[in-house]
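Novice: Right, I'll just put the structure down here and ask away after.
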Amino acid sequence: MTSFNQPEHDLKNQDLTKITKRLSKKLAQDNSVHQLTFGLRNSLKADRVVLYYFYRQWKGQVTFESLSNSRFSILGMTGADQCFNDQYAAMYLEGRVKATTDIAVEPMSECHREFLQSIEVKANLVVPVLTNQSLWGLLVAHHCQNIHPWSDQEILLMQQTARTLATSVSSLP
């Protein structure tokens, strides 16, 4: 016959409750991020909006995306980590916004240009997602079919969305 230990049972229930609450919060956060990236992509009329998360020193991957067409998917892609170094990280940490109308003629490293061409980017807009004075990730919009001059309004919308995302991702324990 198995004996029932009430304190041990209560502790397991408390652990399960904590896990359930955290999972619920994470699912709500994911839903919020999806809504934000979808709304942003529609407002920008972009082909792709992605959230690139740094999981360690300038190594990261695409964790969320919103697409105009599934053929533009890069979800899970780790990016061109060899092209992103401390110098770029420092600029984004200071709030750098990079709006590129046409990657074919924009001055940039060949490493970066080749990476962007490999994922069909014609124009891109990159803003940092900053949490607790650190570079959590990058919010990136891509036009994949045509070049695109980014307006001040589009840049401001990206910056506002990045701040909202920063608040969302930093709220998880």
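The values are calculated or read from the model by the stated rules, or taken from the named source; none is laboratory data. Bear in mind the structure is a predicted one, so any value in this text is a computation, not a measurement. With ideal geometry, Cβ positions are generated from the backbone for all residues, glycine too; neighbour counts draw on all protein chains shown.
Novice: Please go through the stretch 55-105 and give me each residue that is part of a strand (DSSP E or B), modelled with pLDDT under 90 and surrounded by 17 or more Cβ atoms within 10 Å (Cβ to Cβ), ordered by number.
Specialist: Taking the stretch 55-105 first, the residues part of a strand (DSSP E or B) are 55-56, 59-67, 98-100.
Adding the requirement that they be modelled with pLDDT under 90 leaves 55-56, 59-60.
Hit for the stretch 55-105 is GLY60, nothing else.
Novice: Now for a separate question. Residues of the stretch 119-160 being modelled with pLDDT under 95 and either closer than 17 Å to ASN42 by Cα or not aliphatic (A, V, I, L, M) (or both), which ones?
Specialist: Matches in the stretch 119-160: THR131, ASN132, GLN133, SER134, TRP136, GLY137.
Novice: Let me ask you something else. Among (1) more than 15 Å from the chain's Cα centre (by Cα); (2) closer than 22 Å to HIS34 by Cα, which single condition is LEU138 missing?
Specialist: Going through the list (1) more than 15 Å from the chain's Cα centre (by Cα); (2) closer than 22 Å to HIS34 by Cα, LEU138 breaks only (1).
Novice: Here is a follow-up. Got at least one residue in the stretch 38-49 being modelled with pLDDT of 65 or more, surrounded by 11 or more Cβ atoms within 10 Å (Cβ to Cβ) and assigned to a strand (DSSP E or B)?
Specialist: So far as the stretch 38-49 goes, yes, one or more of its residues are modelled with pLDDT of 65 or more, surrounded by 11 or more Cβ atoms within 10 Å (Cβ to Cβ) and assigned to a strand (DSSP E or B).
Novice: Give the number of residues within the stretch 114-132 that are surrounded by fewer than 19 Cβ atoms within 10 Å (Cβ to Cβ) and under 18 Å from MET77 (Cα atoms).
Specialist: 5
Novice: Out of the residues in the stretch 161-173 that are within 20 Å of ASP47 (Cβ to Cβ) and of a type in the set (A, V, I, L, M), which is modelled with the lowest pLDDT?
Specialist: Narrowing the stretch 161-173 to residues within 20 Å of ASP47 (Cβ to Cβ): 161-162, 165.
Of the ones still in play, those that are also of a type in the set (A, V, I, L, M) are 162, 165.
Working: ALA162: 96, LEU165: 90.
The residue in question is LEU165.
Novice: If you check ARG163 against the conditions, is it of a type in the set (Lys, Arg) and under 21 Å from HIS34 (Cα atoms)?
Specialist: yes
Novice: Also, quick follow-up: Take the residues in the stretch 142-154 that are crowded, with 16+ Cβ neighbours inside 10 Å and not charged (D, E, K, R); name whichever of them is nearest to ALA99 (Cα to Cα). If you could, list the steps in order and put the result at the bottom.
Specialist: Kept after step one, since they are crowded, with 16+ Cβ neighbours inside 10 Å, are these residues of the stretch 142-154: 142-144, 148, 150, 154.
Next, from what is left, pick out any that are not charged (D, E, K, R): 142-144, 148, 150.
Working: HIS142: 10, HIS143: 11, CYS144: 14, HIS148: 9, TRP150: 6 Å.
Restricting to residues being crowded, with 16+ Cβ neighbours inside 10 Å and not charged (D, E, K, R), the top hit is TRP150.
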